[in-house]
Amino acid sequence: MKFRVFILTIVSLSLFISSSCQNKYRPRFYLIEESARQELTPDNNYYLMGYKISLRPIENMIMSGDGAVLITNHRSIHPEKKEMPAGIITVRGEMTERIAVNLPTGFKNDSLDIADQSICILIGRFELADSLNLYYCREGYLRIDSVKSSTLYAYLSGKYFNINNDSLQFAGELRARKQK
């Protein structure tokens, strides 16, 4: 009996420790709205060498050019539309926030001003025109902590505005892999 309790205790502690380590080292990225902040779920973050943000980002987000582009994708559930009717079925109000940031060619551990060097496109807000889902960064920075074995670790903070002057504010840690 004591042996079973001992084994259960060891297994429980092991699971607790492994889950706490995963949560501790996972990058946290937030959408900040007034006094509240919503944690976003990271989804396919990467950077590409030899590209820059396109002049027509609605049609094609990036194009060939000097420098590099960091692209982050984060998912969230729209708080007002957790479930939306779509004909016979009901779908989740899931949205993707795709952020692109121009990086200089030889980027390294540094802090970069991303005003006019970053955009955000909202994917999943189909009720709005494409032009209202495109946000340009007016103020913000990207602090590159390190680039190790094709993985970039950084902190991004920025305020983005669309053509109607609606705003989005993001802040948090990023981890992105180099893609070819």
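Quick notes
- Checking each residue in the stretch 24-58 for being among the acidic types (Asp, Glu) and either in contact with a Leu (Cβ under 6 Å, 6 or more places away or on another chain) or part of a loop (DSSP other than H, G, I, E, B) (or both) picks out GLU34, ASP43.
- Criterion violated by MET63 - all others in (1) closer than 19 Å to ASP116 by Cβ; (2) modelled with pLDDT under 90; (3) not polar (S, T, N, Q) satisfied: (2)
- Among all positions in the stretch 70-81, there is at least one residue which is in a strand (DSSP E or B), in contact with a Gly (Cβ under 8 Å, 6 or more places away or on another chain) and either exposed (fewer than 11 other Cβ atoms within 10 Å of the Cβ) or at pLDDT below 85 (or both).
- Flag if ALA129 is surrounded by 14 or more Cβ atoms within 10 Å (Cβ to Cβ) and on the phi < 0 side of the Ramachandran plot: no
- Residue in the stretch 106-125 that is touching a residue at least 40 places away in the same chain (Cβ under 8 Å) and of a type in the set (Phe, Trp, Tyr) present: yes
- Selection status of ILE53, within 28 Å of SER118 (Cβ to Cβ), touching a helix residue (DSSP H, G or I) at 6+ places or on another chain (Cβ under 7 Å) and modelled with pLDDT of 85 or more: no
- The residue pairs whose first member lies in the stretch 42-64 and is without any contact (Cβ under 8 Å) to a residue 40 or more places away in the chain, whose second member is polar (S, T, N, Q) and surrounded by 13 or more Cβ atoms within 10 Å (Cβ to Cβ), and whose beta carbons are closer than 6 Å, counting only pairs six or more residues apart or on different chains, are ASN44/ASN73; ASN60/SER54; ILE62/SER54; MET63/SER54.
Quick grid of which residues meet (1) over 14 Å from the mean Cα position of the chain (by Cα); (2) over 14 Å from PHE107 (Cβ atoms); (3) modelled with pLDDT of 95 or more; (4) acidic (Asp, Glu):
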| residue | (1), (2), (3), (4) |
| --- | --- |
| LEU142 | no, no, yes, no |
| ASP145 | yes, no, no, yes |
| LYS148 | yes, no, no, no |
| THR151 | yes, no, no, no |
| GLY158 | no, yes, yes, no |
| PHE161 | yes, yes, yes, no |
| LEU168 | no, yes, no, no |
| ALA176 | no, no, no, no |
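- Residue under evaluation ILE119, criteria (1) on the phi < 0 side of the Ramachandran plot; (2) exposed (fewer than 13 other Cβ atoms within 10 Å of the Cβ), criterion not met: (2)
- On the stretch given as the stretch 150-173, residues that are assigned to a strand (DSSP E or B), farther than 15 Å from ASN102 by Cα and among the aliphatic types (A, V, I, L, M) total 2.
The values are calculated or read from the model by the stated rules, or taken from the named source; none is laboratory data. Source: prediction; values computed, not measured. Neighbour counts are summed over all protein chains in view; Cβ atoms, including those assigned to glycine, are modelled from backbone coordinates with ideal geometry.
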